[in-house]
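Scroll down for the structure; my scribbles are underneath it.
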Amino acid sequence: MKMQNDTLLVSRAALLGDRKAFSRLVEAYQSPMRRFFFNLTGGDEELSKDLAQETFIKAWLNISSFRAAAKFSTWLYRIAYNTFYDHVRARKNAAAADVEAVADHMAADAPDRDFGIDFVQSLIVLKEEERTAVLLFYMEDQTIEKVSKIMGCPQGTVKSHLHRGKEKLAVYFKNYRQ
């Protein structure tokens, strides 16, 4: 039913320029988009809101290009994914942390491990692609097929990102276990 409702709202927005229909789509997807960006940005709430807003602006401007070959949510997450990576490239902040370097750093700080583990902070050990795949699959409950479409890569690559991401997170949590 949700997919039919989304398709109806998208049709009204695209064909009639119905802003109220698009507003209903924004209301339905605003929280998931903000959560997605919140986790991608390492907990930066303001940046998450800005990126979500930018995603919806891009979606509105390009709503007529939606082709219902996939769900609206998949199309919207693809825009969100591209928006985030445009932001990363613009800030030239694509340096990913290496698990071994993080493990060495954790070992050096071992006596000061009386703080709680924060999942959002644990995502820093993942490369951008791994983080995106993990968040979409585990946090947003997207299928591997949908994650593949959102990220624009083969399903096998998504599975590899998930596998490496889980391994790195396991090392992170093992080393930070209290």
Out of everything in region 135-170 that is of a type in the set (Val, Ile, Thr) and surrounded by fewer than 20 Cβ atoms within 10 Å (Cβ to Cβ), what residue ends up being farthest from TRP75 (Cα to Cα)? THR157
Reported set for region 16-41 where residues are within 27 Å of VAL120 (Cα to Cα), of a type outside the set (S, T, N, Q) and exposed (fewer than 14 other Cβ atoms within 10 Å of the Cβ) is GLU27
Residues located in region 116-143, provided they are hydrophobic (A, V, I, L, M, F, W, C) and farther than 22 Å from THR83 by Cβ: ILE117, PHE119, VAL125
Boolean, PHE173 is at pLDDT below 85, outside any loop (DSSP other than H, G, I, E, B), of a type in the set (Phe, Trp, Tyr) and surrounded by fewer than 14 Cβ atoms within 10 Å (Cβ to Cβ): yes
Being in contact (Cβ under 8 Å) with a residue 60 or more places away in the chain, among the aromatic types (Phe, Trp, Tyr), assigned to a helix (DSSP H, G or I) and under 17 Å from THR55 (Cα atoms), is that true of even one residue in region 10-31? no
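The values are calculated or read from the model by the stated rules, or taken from the named source; none is laboratory data. Not measured: the values here are computed from a predicted model. With ideal geometry, Cβ positions are generated from the backbone for all residues, glycine too; neighbour counts draw on all protein chains shown.
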